[in-house]
Amino acid sequence: MSKSGDNVANIYGRDFFYNDKFKISGLVNPQVYIGYTNWKGYDEGYIYYIPSVQVSDLAEVPEGMTGVSIPAHKYVVFRFVGFFHPDEIKGRQVGRLLVHLYRKWITNSAFKSADQFRFEYVDTSLSNDNYCELDIYQPIKDVNKMF
C-alpha cells in the first residue's frame, strides 16, 4: 500500500524500464515508458499502477506480467516539464498536475472522465540529465453527448 504523492510508482517504473522491459517481445519503441493507472478498485481502497511499454500485440505476455489493451478514446493531454532527468520525477510533482486536471480543468470544461484509467507517456529520447517531459493522457467525453 502506498500514499498519494509518494515515490513507489517511480521506484517500480525505473526497475521495470531498466530491467524488465527487455523480457517483452514486440516493443514498439523501447525508449518510451508508459505508466498505466487504473482506479476501478478506488472504492475498495486501492488503485493499480502498471509500469508499461507499448507492444505490437499481446500474444506473448511474459509470465508474471499483465497485458492491457487501452481502448480508443478522445483524450485530454497535460504535459509536465522538468529540468532534471526523468528518473527523478516524483509523485508529488505529477500529483500537482493531476489536481489541476481533475479539480480545475475537468470541473470547468464541457468534458468529464470517460473511463477509470489514465496513462503517463515518457519518451526518454527527448530527455537528458537536465530535461524531461511526461504527458498525462486522460480519456474524456463530452458532457452534452449521451454516447
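Restricting segment 89-113 to residues that are touching a strand residue (DSSP E or B) at 6+ places or on another chain (Cβ under 7 Å) and within 21 Å of Y18 (Cβ to Cβ) leaves a set whose member that is surrounded by the fewest Cβ atoms within 10 Å (Cβ to Cβ) is Q93. Against the test of being more than 19 Å from F16 (Cβ to Cβ) and part of a loop (DSSP other than H, G, I, E, B), the options F84, F80 yield a single qualifying residue, F84. The single condition from (1) modelled with pLDDT of 90 or more; (2) over 21 Å from N7 (Cα atoms) that C132 fails is (2). Taken over segment 1-36, the criterion of being exposed (fewer than 13 other Cβ atoms within 10 Å of the Cβ), at pLDDT 90 or above and polar (S, T, N, Q) is satisfied by N19, S25, N29. When every residue of segment 37-56 is checked against the conditions, at least one turns out to be of a type in the set (G, A, S), in a loop (DSSP other than H, G, I, E, B), modelled with pLDDT under 90 and loosely packed, with under 14 Cβ neighbours inside 10 Å.
Step by step: first the residues of segment 1-36, then only those that are closer than 21 Å to G91 by Cβ and assigned to a loop (DSSP other than H, G, I, E, B), then the one that is farthest from the chain's Cα centre (by Cα). Which residue is that?
Start the filter on segment 1-36 by keeping residues that are closer than 21 Å to G91 by Cβ, which leaves 1-21, 32-36.
From what is left, the residues that are assigned to a loop (DSSP other than H, G, I, E, B) are 1-7.
Values: M1: 18, S2: 17, K3: 17, S4: 14, G5: 14, D6: 15, N7: 14 Å.
Checked segment 1-36; the qualifying residue farthest from the chain's Cα centre (by Cα) is M1.
All of (1) in a loop (DSSP other than H, G, I, E, B); (2) in contact with a helix residue (DSSP H, G or I) (Cβ under 6 Å, 6 or more places away or on another chain); (3) closer than 13 Å to F119 by Cα hold for P62 with one exception: (3).
The values are calculated or read from the model by the stated rules, or taken from the named source; none is laboratory data. Only a predicted model underlies this, so the values are computations on that prediction, with no experimental measurement involved. Note that we place each Cβ from the backbone using ideal geometry, even for glycine, and neighbour counts take in every protein chain shown.
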